[in-house]
1. Of all residues in segment 293-340, count the ones that are within 16 Å of the ligand (Cβ to nearest atom) and either touching a helix residue (DSSP H, G or I) at 6+ places or on another chain (Cβ under 6 Å) or in a helix (DSSP H, G or I) (or both).
2. In segment 145-176, which residues are within 13 Å of the ligand (Cβ to nearest atom) and either touching a Lys or Arg at 6+ places or on another chain (Cβ under 9 Å) or in a strand (DSSP E or B) (or both)?
3. Grab the helices (runs of 4 or more DSSP H) fully contained in segment 1-103, keeping just those with 1 or more residues being under 21 Å from the mean Cα position of the chain (by Cα) and over 29 Å from Asp124 (Cα atoms).
4. Can you tell me how many residues within segment 143-162 are within 9 Å of the chain's Cα centre (by Cα) and surrounded by fewer than 24 Cβ atoms within 10 Å (Cβ to Cβ)?
5. Are there any pairs with C-beta distances below 8 angstrom linking a residue in segment 243-256 that is without any contact (Cβ under 8 Å) to a residue 60 or more places away in the chain to a residue that is of a type outside the set (A, V, I, L, M), with the two at least 6 apart or on different chains, and if so which?
6. In the set Pro301, Pro280, which member is assigned by TED's automatic domain parsing to the domain that holds Tyr249, surrounded by 14 or more Cβ atoms within 10 Å (Cβ to Cβ), at pLDDT 95 or above and farther than 20 Å from Tyr150 by Cα?
7. Tell me, which residue of segment 164-175 that is under 20 Å from the mean Cα position of the chain (by Cα) and surrounded by fewer than 23 Cβ atoms within 10 Å (Cβ to Cβ) is farthest from Arg262 (Cα to Cα)?
8. Counting only residues that are among the aromatic types (Phe, Trp, Tyr) and more than 10 Å from the ligand (Cβ to nearest atom), how many does segment 1-58 have?
Amino acid sequence: MSTLIRAGVVGATGYTGFELVRLLWSHPHVELVFAVSRNEAGKSLADLYATPLHVPLAAIDEADVSAVDVLFLCVPHGAAQDWAVQGLEASTVVIDLSADHRLRDPAAYRHWYGHDHQAPSLLDEAVYGLTEWAREALPAARLIANPGCYPTSILLALAPLLRAGLLDGVTVIADSKSGVSGAGRTPKLSSLFVEVNENLKPYNIGHVHRHVAEIEQLCQLLSDGHPPAHLIFSPHLLPVSRGILSTIYVPWPDGWREGELRALYAEAYANEPFIWLLPPGQTATLAHTVHTNRCAISLHPVPDQGHLIVVSTIDNLVKGAAGQAVQNMNVRFGLDETSGLAP
Ligand SMILES: NC(=O)c1ccc[n+]([C@@H]2O[C@H](COP(=O)([O-])OP(=O)(O)OC[C@H]3O[C@@H](n4cnc5c(N)ncnc54)[C@H](OP(=O)(O)O)[C@@H]3O)[C@@H](O)[C@H]2O)c1
């Protein structure tokens, strides 16, 4: 592809926005046209982060969404809706990293996010961009809802089982740990060093974290209407900067042997540049994936106790956010899917 894709980023000073700007800056087929900040306009990213990237930060009214081919939204949920409408009205492809367009049902959005969606008709149109399982829909998408970080780690780990109908009616327990960058750069008491350091804190355990909604929605779709009956999701705050590790417990599928389950995963993820299926005896850890767009998956059979344990790790800011957004852009615009993303 010879012409450059013109990109704009809103929320460039946040953790996902900065990660995205770094990726786009070195992407061989992208021209970064603007990076928006409400509070830091006029400065450069190099004034805010320990980076030599002198990317100028533009004010909101300096961002011409009709001047770009793709608009990335790296803002809190609730703040992305207006930008998405503006982008679509200007015929710009919108990739929303927030949760604003992940749920298809406006009532579900209201239930989980506590307010009405401003443009509910867009919810049905948005393509949920779990790239490995969305390639058919992405090339025609106007609006791509980039998945949440926890859901990316959990859904990539479960997808082969869901597709094979092996989780129909069962209970799935997902126990996940996330680095503190998952909470964003906006200061919060719960993210302060002293609150987090040398601690491991469960939060929103059970079936109350907002990511439950998109995990269940995708379980329904990937299983063709035969999802698990119950999902227990227990996130934890881990005192590292980045990375997510999910340990997922599912009932051992009746009549299946270990080799057959391993073959199911190997077949589902054959030739996937960013899925790293580990061989028997190895366990996925944060070190397998931080600072990359990979998802590492290891299978741990416990058939005599009636369970399969799947361990999955990602970098929450890369495969869980900015990297997957670039991967989705690559598929949307017909580029090599790994372009700008070291495998
Ligand atoms: N952190 C993760 O691991 C992760 C992973 C997946 C998805 N996400 C989602 O990605 C989005 C960004 O997350 P983040 O972690 O990068 O958050 P963050 O570090 O807090 O950054 C968000 C940025 O958005 C800008 N912003 C805030 N309110 C805004 C508004 N009303 N209108 C326009 N811009 C606004 C702010 O920049 P200025 O004040 O400079 O404008 C802020 O720096 C969130 O929706 C989050 O849920 C995060």
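1. Count: 19.
2. Ala145, Asn146, Pro147, Gly148, Cys149, Pro151, Thr152, Ser153, Ser176
3. 15-25
4. 0
5. Listed by first residue and then by second, the contacts come to Trp252/Pro301; Trp252/Pro303; Trp252/Gly306; Trp252/His307.
6. Pro301
7. Among them, the one singled out is Asp175.
8. 3
The values are calculated or read from the model by the stated rules, or taken from the named source; none is laboratory data. Not measured: the values here are computed from a predicted model. Please note: Cβ atoms are built from the backbone with ideal geometry, for glycine as well, and neighbour counts cover all protein chains shown.
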